[in-house]
Structures are given as structure tokens and as C-alpha cells.
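S.K.: Quick one: this structure, given as C-alpha cells, is what I'll be asking you about.
Please treat every number below as a calculation from the coordinates, not as lab data. Quick caveat: nothing in here was measured; it's all calculated off a predicted structure. Backbone-built Cβ (ideal geometry, glycine too); neighbour counts: all protein chains shown.
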Amino acid sequence: MHMSRNLRTIYGALAVFMFASVLVSGPAQASDKPKMTSTVQCNEEVRGNTKYQVARAVVNASPTIVQSVLTDYERAPKVFGGLKECRVIQENGPVKHIAFIASAPGNLWTFDYVLEVKETPGYIEWHRVSGAFKKNEGFWKLEPINEGRSTQVTYAKYVDSGLFCPQSLINHELRLSLSQIMTNLKDTCETDIRLAKLPNGVVVEKKVEN
């Protein structure tokens, strides 16, 4: 069955939305009234000339645990739906080139792309290097709360398909995916940790090894 180019573009945009990692510095200004889905807050924010789709949520795990999940690229396909493969192909200190294979809804086809990811404590940013899509950029920002036992997570993403698909439609579909991506991250992090009380009453966090 042959599909129109527009339909393929829409599915392609949806495929990449299933996973992200990354950060962009500078102040953000909310341009839309925030929307709440469960415990995830989603809205659109302008940075420079780019409108990023942004999600925020509290994860009941430390920033260290959250970042360890986000940077465990080999495990990423088990965490984020629609991602078939994720592997580091080049590494230079905190900067990595990471190859992704993402599947479109229904697994009708896959899309390959490479992102350059820069990791710093509490902040991960990325942009497209090659492959599918004209632009694919964004960030994760991890801020400690609750005396460091929890994390305020911000996830921002911008995708330009480079094909004949309205940017407004891509932004809409991307915004719909934010809640599920954040929920996947939250569930994984909170499953990965165990809180144990020591004899002195101090609570420590232990990561579960998979």
C-alpha cells in the first residue's frame, strides 16, 4: 500500500517524538497557557526565534538517578516506546554522537538519525547531525528539590521535518507526546530506586541494577 508523502512525513515526525535527550540555555518565555496532563505540565515556550514544546514534572528520584537513566543509551529502547535502537558511535568527553533508529506507528517503517549530545551535571542538550528530519534539538534540565531526594525535570524539544508538513501540526503532535515521554522517565526512575532507612534514621537512595 502506497502512502502519500504528507502522511509519511506526519508519521516520521511522530516516530522521533518518542525519545529525546537534551538542553538549551537561556531564559524561556511561555507563549501559551500551560496544559496539565496527570502530573505533567506541558506548554510552548519561545527561545530566540524557536518555539519549543516543553514538559515539566516532579520525579521522586535524585537528579543523579534521573540523569543516569537518561544517559543509559543502550537501555533507552526499553524506557521510551517507539525507539528500536540507540547507541553511542562517537565520544569526546561530555560530547557524544548517538545513532537512533525509531519506528513509525504500527512499525510500518523506521527512521535513522544521529544526534550530537552534550552531557553536563543536571543538563543534557542535543541537536541533529544527520539522518531523518531537518532539525531535531532540545534539552533535559534536572533541578534538585525536596533536599535533593526529588527532581524537577524540564524537557524541551523542537523538530522540523524538512518536508511538506505544517509546523503547527508537528508542534501539536509533539506536545501530545511529551506527557508519555515524561511518564516513561518518571516510572523508570522511581522503579529503579529503593529508599532504605539506616539505623541513624538517614534515608539513602539505592539504584537497582538491571
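S.K.: Can you run phi through the Karplus equation (6.51, -1.76, 1.60; θ = phi - 60°) for segment 78-89 and list ³J(HN,Hα) in whole Hz, with x for Gly and Pro?
M.R.: Each residue of segment 78-89 in turn: 7, 9, 10, x, x, 9, 8, 8, 8, 8, 7, 10 Hz.
S.K.: If you don't mind, another one. Give me I89, I193 sorted ascending by neighbouring Cβ count inside 10 Å, so fewest comes first.
M.R.: I89, I193
S.K.: Can you pull out the chymotrypsin sites (Phe, Trp or Tyr not before Pro) in segment 133-187 whose DSSP state is coil and whose Cβ has at most 15 other Cβ atoms within 10 Å?
M.R.: Sparse-neighbourhood loop chymotrypsin sites (Phe, Trp or Tyr not before Pro): F164.
S.K.: Can you sort L169, L115 so the residue with the fewest Cβ neighbours within 10 Å comes first? Please list the in-between numbers first.
M.R.: Working: L169 14, L115 25.
With the sparsest Cβ surroundings first, the list reads L169, L115.
S.K.: Given R₀ = 25 Å, what would the calculated FRET efficiency be for I89 paired with D160, taking r from the Cβ atoms and rounding to 0.05?
M.R.: My answer for the efficiency is 0.60.
S.K.: Next up: Long-range amide H contacts for Y123: which residues qualify at under 5 Å (H placed 1.01 Å from N, peptide plane, sequence gap of 5 or more or a different chain)?
M.R.: L142
S.K.: Next question, about the same structure. For A61, what residues show an amide H to amide H distance below 5 Å, using hydrogens built from the backbone and excluding near sequence neighbours?
M.R.: For A61, the qualifying residues are T151.
S.K.: Once each part is reduced to its C-alpha centroid, what is the distance from segment 134-178 to segment 38-101 in angstrom?
M.R.: Spelled out, the Cα-based centre of one part sits 9 Å from the other.
S.K.: Still on this model: Could you please rank V129, V59, placing first whichever residue has the fewest other Cβ atoms within 10 Å of its Cβ? Could the numbers behind the result be given before it?
M.R.: Numbers: V129 16, V59 24.
Fewest-to-most ranking of V129, V59: V129, V59.
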